[in-house]
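One structure is given here, and the rest of the page talks about it.
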Amino acid sequence: MKLFARFALIFLSFAFISCSNPKDKKLIIWTNNTEFVSYVELFNATHENTKAVVVYKKEPARTLPPSKDELPPDIVAGPWLKNSLTRKYFTSVDYLFSEKSISKTQFYKKLLNYGSINEKQYLLPVSFNIPVMIFSKKNESLVGTNHYLSFNRIMEYGSKFNAKNEKGVFTAMGFAPSWNSEFLYTLTKLNGTSYREKGTSFLWNEEAMKNSIKQIIDWTSSCNTDTTTEQNFQFRYLYMPFYRQVTTGRCLFAYTTSDRLFTLTDAQGSHISFRWIMEDNKIPVEDNIITMGIYKKAENSEQAETFISWFLKEETQQKLIERTENMKLDTVNFGIAGGFSSIRDVNEKYYPAFYRQLLGNMPAEEFLTLPNILPYRWESLKSNVILPYLLDSTNTNGAKNNSTLEERITEWTKQFY
């Protein structure tokens, strides 16, 4: 049965229960992560006295507080829960540590700290993803054996891969920054641009932004002639999915993230290898970290504690990963809640059994770098403001739009507020 159909079934059963027997209270979990449907199924099957129901919310952070005509959540799980407009709706869960329901030492320390506000734990990390460069296995010798790639290495190896015909036209191009705006964004993050929340908008380090733009322009000019040449090459040769681009022999690298890489089928991923992106011993964690917390006005807080304590056990997550694999769902999922688990031992012990490319190649904990607090509409800000700005400001042939970042923010605010 498809995951969506199973989700709809659980939602409908919740509606029936809530209408037919109001005294029969259920643990209500709000989330946009459909993997929680499978998790709740297993939880309900193994707990007689506590039953949970998933309620889908496209953007959980934007739905708080609940409207007057809906039942409030007990648990909320999703991205962007820590910002100043949302975090006030959660209660501290420090007592779960003191009662030894869960242990602080089981988590990646930086991820756990991400959910801390004023030295109190309000949110618990669930999963995360990181950026990655992929390439064809036949080019393994060109990339080397290190598990990581810096921007200078990507540029160096990409430049060496470049090839032209007798007319001086590129027939192979290792990599071009303009091919992927998310790559540009990742570069600015690792260069210290330090995006961070300011109300419903954001601040950034202007000097780091300028340095990043200069680095990208220099990269394009020195290796690939100009932005138009890069984009023409992409249009001509790289019109297929990212995992096929590197096996054509036309380019060396393609940029993606761990969740996209590890949801490839065996056939799609059989001929590619990868390296984590790291600069100055920093691997940037993707912004949309999944966390969970107990709603401040939860009606079933004890049941919420039971679910969280169960879900964040190593043995539980092992079963959840195995269950997803054994069910052979039509939709392919990666790990826990679509990413690496926040529990270190789960990643190190169980992920390599299902994602063999991770064997001996797990990202080192000490290198992980967490994003700053970001507004809950960050995805919209990034896609409508930052990414277009980066593409325009790094275009060596002239920007389509010369507006400053501040001007673009003002325009975005007019449209979306």
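The values are calculated or read from the model by the stated rules, or taken from the named source; none is laboratory data. Worth saying up front: this structure is predicted, and the values here are computed from it rather than measured. All Cβ positions, even for glycine, are placed from backbone atoms using ideal geometry, and neighbour counts span all protein chains on display. The accessibility values were calculated without ligands, DNA or RNA, using every heavy atom of the protein model including side chains. Shrake-Rupley method; radii C 1.70, N 1.55, O 1.52, S 1.80 Å.
Solvent-accessible area assigned to carbon and sulfur over the stretch 59-209 amounts to 48 percent, based on a 1.4 Å probe.
Computing FRET efficiency as 1/(1 + (r/R0)^6) for Ser222 and Asn361, where r is the C-beta to C-beta distance and R0 is 45 Å, gives about 0.90.
Taking 7 Å steps out from each Cα toward its Cβ at Ser98 and Ser201 produces label points 4.2 nm apart. Positive contributions from Lys and Arg (+1) and negative ones from Asp and Glu (-1), summed over other residues with Cβ under 12 Å from the Cβ of Thr369, come out at -3.
Across the cross-link table entries Lys120/Lys319; Lys26/Lys313; Lys82/Lys109; Lys109/Lys198, which are compared at the Cα atoms, the separations over 24 Å belong to Lys120/Lys319; Lys109/Lys198. What number, in percent, do you get for the relative contact order of the chain if the mean sequence gap of Cα pairs under 8 Å and at least 6 apart is divided by its residue count? The normalised contact order for the chain reaches 25 percent.
Note on Lys164 and Phe416: with the Förster distance fixed at 60 Å, the Cβ-Cβ geometry gives a FRET efficiency of about 0.85.
Taking the stretch 270-310 and a reference point 7 angstrom along Cα→Cβ of Met240, the backbone N atoms nearer than 15 Å belong to 270-273. The relative contact order of the stretch 164-224 comes to 28 percent, based on Cα pairs under 8 Å that sit 6 or more residues apart.
Restrict the search to the stretch 280-361; then list the trypsin sites (Lys or Arg not before Pro) that DSSP places in a loop and that have at most 14 other Cβ atoms within 10 Å of their Cβ. Can you show the working numbers first?
On the way: sites: Lys282, Lys296, Lys297, Lys313, Lys319, Arg323, Lys328, Arg344, Lys349, Arg356; in loops: Lys296, Lys297, Lys313, Lys328.
When the trypsin sites (Lys or Arg not before Pro) of the stretch 280-361 are filtered for loop state and at most 14 Cβ neighbours within 10 Å, Lys297, Lys328 remain.
With a Förster radius of 45 Å applied to the beta-carbon distance between Glu407 and Glu48, the computed FRET efficiency rounds to 0.15. Only one of (1) 69, 60, 42; (2) 79, 47, 37; (3) 63, 48, 40 was calculated from the structure for Cα extents along the principal axes in Å, and its label is (2). Label-to-label distance, Lys88 versus Asn281, with points set 7 angstrom from Cα along the beta-carbon direction: 4.0 nm. Measure off 7 Å from each Cα along the Cα-to-Cβ vector at Asn118 and Ser309, then give the distance between these two points in nanometres to one decimal. For the pair Asn118/Ser309, the computed spacing is 2.7 nm.
Other residues whose C-beta falls under 15 angstrom from the C-beta of Ile217 contribute a net charge of -2, scoring Lys and Arg +1 and Asp and Glu -1.
The lysines within cross-link reach of Lys160, meaning a Cα-to-Cα straight distance under 22 Å and a gap of 8 or more places when in the same chain, are Lys137, Lys138, Lys214.
Full extension of the chain segment joining Glu182 with Asn146 gains 10.6 nm, where the gain is 0.36 nm per residue of separation less the Cα-Cα distance. When the Cα centres of the stretch 270-328 and the stretch 80-152 are compared, how far apart do they sit, in Å? Between the Cα centres of the stretch 270-328 and the stretch 80-152 lies a distance of 9 Å.
Highest-first packing order for the peptide set 256-268, 212-224, 182-194 is 182-194, 212-224, 256-268, based on the mean count of other beta carbon atoms within 10 Å.
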